[in-house]
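Here the structure is laid out as C-alpha cells; the discussion comes afterwards.
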Amino acid sequence: MSEQAVTAQSEDFSRWYNEIVYRADLASPSPVRGCVIIKPYGYEIWEGIKAGLDRRFKETGHQNAYFPLFIPESYIKREAEHVEGFSPELAVVTHAGGKELDEPLVVRPTSETVIGEAFSDWIQSYRDLPLLINQWANVVRWELRTRPFLRTAEFLWQEGHTAHATHDEAEAETLQMLDVYADCAMNDAAIPVIKGEKSRMERFAGALRTYTIEAMMRDKRALQCGTSHNLGQNFAKAFDIRYLTEENAQRYCWTTSWGLSTRMVGAVVMTHGDDKGLRLPPKLAPYQVVIVPIYKSDEQRGAVMDAVERLSRSLDSAGIRVHIDRREGQSPGFKFNDWEMRGVPVRMEIGPRDVEKNNAVLARRDVPGRAGKQFVSQDGIVDVLQSLLVDIQRSLLEDARAFRDAHIQDVETCQQLEEAVAAGEWARAWWAGSDDDELKVKDDTGATIRCFPFEQPGGAGACVLTGRQSKRIALFAKAY
RNA sequence: CGGGGCGUGGCGCAGCCCGGUAGCGCGCACGGUUUGGGUCCGUGAGGCCCCCGGUUCGAAUCCGGGCGCCCCGACCA
C-alpha cells in the first residue's frame, strides 16, 4: 500500500470496505475467483459469532451434526421451487477418481435435500420429534458479483434443520431461531436489526415463509444478516419425511431451516467502521485491549516492560483478551493508528511517566481524539477496563441504532418513496402490491422490500403503489 | 451473456505512442537514528515484463492469436 491512510468512507464506501478488509488483516485474496482466504484476525471474529450462536443453539435444545459436502444431483431436483432457486449457482462435480461419475455431484449450496433424506430415515414416530439439528459447514454458490464476506462463491455458515409434528410447532421454532439471531446480532455484534417477514419474491426457494433480520450499514444500504424459514411440508413431501402419530396415523412432518453466515463479519465491519477503519464490538474483538509500550532508553524499556507484562497478566486472568504490541521497528504513533485501523476497542499506553506515577493511559476506539483518552491508576485498572468494555459495547449499539433510525422515512406516495430511496434512505410504507408491483418498484427505484417488520403501527393505510387498503407496512431499501 | 478497462518484483503503479536489455512508491531484510499520534538516513534482497507466434541485429514496447482479471448492466446468505 502506498498511502498510509485508508480511503474515507464518505469518499468511496465500497473502496473503503475493500481496503479495510485487506489492511486490517481480516482476509486476503485467493487464487480462486470469487473466494477469499479468511485470515486469523478475521476468522477470530467469526469464531466469536460462532461461539455465541452455538451456545444459544445448545441452550434451545439443538445438536450439531455434519452432512456431506456432495449432494447427488437428483436430490436437488426433488423439490421443484428449490431447484429453480438454486440451479443457476450450482457447482457440479462430474469427474472423480479419473473417470466420469454416473451421477454428477452437486457441491452443496445448502443442505435441505441431503438432510431431508436423512430425516426421512431417522424419523419414524412422534416420539422422534421434534428433531433439532444444526451443522457448521461451508457451502458454495457460484455468484457472479462477489465481495469479501458479503458474497463469496464459498462461505462458512451454520444451517439449522428441524422437523416437527405440527405447523404451529415449526412456526414457533422458526420464530425462536430468528430471535436467537437477533439476540446474537444485538448483544454480541452490537448490530441493531429489524425482524420481519420476507415478501414472496424474496422468500427462500421452497419455503412457506421466510423471516429475516435486516441491518443498516454505514452507507445506509440494507444487509440481510440471517434468515429463518418455515418450510411447511414441502421438503417433507419431497423427501418423504413422515411420522406415525399416537393414533397410529402417517403424517408428513413440518420442517424448518435457518442460517447465518460469515457475511455477519462484513456486517460488523460495515455497521461500526469509520474513516479510520474498523470499530469492533468488545464481545467479538479478537483483542479487547492492546498495550503499546513507550520507552527511549534500555533502562526505561526494562521498567516499562515489567509494568506492561504485569498488567497484561492481570487483565488476562480477569478474562480480558489482551495483546502487547512488542514490535520494535514502529513508533508508538504508528501503532496507535494501526490498532485503530484494526478496530481494537481499547488501547493502553504505558510509558516511563506512567511507570513513575503508577498510571496508565486508556484510549477508547469509539470516541475519537483526546475525548476518548483517560489517565487512570494501575490499581484497580481491571475493573475500569471491564466497565469500559461494557460501555463501548453499549455505545456501538446505540450509535448504530441512532444512525439507522435517523435514516428511515415514512412515505405515502410513490414519489416520496422514490425520493427517499434516491437519497439513500430506507422507506417505510403501506403495501398491498403483487409480485409484479414489487418488481416495478425495484425497476423504478432500485429498492426492494427488505421485510414486513414484526413491529407494525397497527391500523390500515393506502398502499404506496396501488392505493389499495393494506394492514401491513413494508420496509424498502437498496440492499447488498 | 452485452459494453468499457487492465495484465510489469509481495502490493500499487510508471515505462509502451517514439523499439536499445527495467524503474518508482509502499512493503521486506540488515545497520544506525528515532519513539507520549503514521521518524529519518544508509545498505540490500527480490522481476519467465500474462502466454504463444511473427517483424527486427535487437521487443515490456510494434503486429497476429490466445488466456486471465477487474469495472458497468439481468440473479443473490
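Count the DSSP beta bridges whose two residues both fall in region A:289-400, then state the antiparallel fraction as a percent rounded to the nearest 5.
55 percent
A:T94: net charge of surrounding residues, Cβ under 15 Å, Lys/Arg +1, Asp/Glu -1, itself excluded?
-3
Among the DSSP beta bridges whose two residues both lie in chain A, what percent are antiparallel, rounded to the nearest 5?
85 percent
Mean separation of Cα pairs under 8 Å and 6+ residues apart, divided by the residue count of chain A: what relative contact order is that in percent?
In percent, rounded to a whole number, it is 14.
Can you give the accessible area per residue of region A:164-289, in Å², using a 1.4 Å probe?
That works out to 30 Å² per residue.
Hey, got the Cα dimensions of region A:362-480 along the principal axes, in Å, largest first?
Dimensions of region A:362-480 along the principal axes of its Cα atoms: 66, 27, 19 Å.
Kindly provide the helix-only [θ] at 222 nm of chain A, computed as the sum of -39,500 (n - 2.57) over DSSP H runs of four or more divided by all residues, to the nearest 500 deg cm²/dmol?
-11000 deg cm²/dmol
Can you give me the % of accessible surface on region A:224-302 that is carbon or sulfur? Probe 1.4 Å, all protein chains present, nothing else counted.
After summing per-atom areas, the C and S share lands at 39 percent.
Roughly what would the spin-label model give for A:S317 and A:Q456, points 7 Å off Cα along C-beta, in nm?
About 5.7 nm, to one decimal.
Counting only the backbone N, which residues of region A:235-265 are under 18 Å from the spot 7 Å out from the Cα of A:A172 toward its beta-carbon?
Answer for this model: A:246, A:253-257.
If you stretched the chain out fully between A:R468 and A:M201, how much longer would it get, using 0.36 nm times the residue separation minus the C-alpha to C-alpha distance?
That works out to 94.2 nm of additional length.
List residues of region A:117-143, by number, whose backbone nitrogen lies under 13 Å from a label position 7 Å along Cα→C-beta of A:L244.
Those under the cut-off are A:123-128.
Counting heavy atoms of the protein chains only and a 1.4 Å probe, report the per residue accessible area for region A:22-121 as a whole number of Å².
Heavy-atom SASA per residue in region A:22-121 reads 50 Å².
Evaluate the relative contact order of region A:408-477 (contact order divided by residue number), counting alpha-carbon pairs under 8 angstrom at least 6 apart; express in whole percent.
The normalised contact order for region A:408-477 reaches 40 percent.
Leaving out ligands, DNA and RNA, and with a 1.4 Å probe, what % of the accessible surface on region A:74-217 is carbon or sulfur?
Carbon and sulfur atoms account for 49 percent of the accessible area of region A:74-217.
How many nm separate the modelled label positions at A:K296 and A:R33, each set 7 Å beyond the Cα in the direction of the Cβ?
5.8 nm
Please state the shape class of region A:13-272: rounded when a/c is under 1.5, otherwise prolate if a/b exceeds b/c and oblate if not, all from the C-alpha gyration tensor.
oblate
So if I take the centroid of the Cα atoms in region A:416-436 and the same for region A:1-43, what is the distance between those two points in Å?
Centre-to-centre distance over Cα atoms comes out at 32 Å.
For a test of the definition: using alpha carbon positions, the gyration tensor, and the 1.5 limit on a/c, classify region A:95-156 as rounded, prolate or oblate.
In terms of gyration-tensor shape, oblate.
For labels at A:N138 and A:S87 in the simple 7 Å Cα→Cβ model, what's the distance in nm?
About 2.7 nm, to one decimal.
Under 23 Å between alpha carbons, and skipping anything fewer than 8 positions from A:K39 in its own chain: which lysines qualify?
The reachable lysines, counting only those whose Cα sits under 23 Å from A:K39, are A:K50, A:K276, A:K283, A:K335.
Gap in Å between the Cα centre of region A:278-304 and the Cα centre of region A:319-366?
Cα centroid to Cα centroid, the span is 3 Å.
For region A:13-272, what relative contact order do you get, as a whole percent, if you take Cα pairs closer than 8 Å and at least 6 residues apart?
About 21 percent, as a whole number.
List, largest first, the extents of the alpha carbons of chain A along their principal axes, each in whole Å.
The Cα atoms of chain A stretch 81, 58, 47 Å along the principal axes, largest first.
Leaving out ligands and nucleic acids, and using a 1.4 Å probe, what accessible area per residue does region A:408-477 come to in Å²?
Accessible area per residue: 49 Å².
The values are calculated or read from the model by the stated rules, or taken from the named source; none is laboratory data. Being a predicted model, the structure only gives us computed values, none of them experimental. Note that we place each Cβ from the backbone using ideal geometry, even for glycine, and neighbour counts take in every protein chain shown. Heads up: the accessible areas ignore ligands, DNA and RNA and are worked out on the full protein's heavy atoms, side chains in. Shrake-Rupley method; radii C 1.70, N 1.55, O 1.52, S 1.80 Å.
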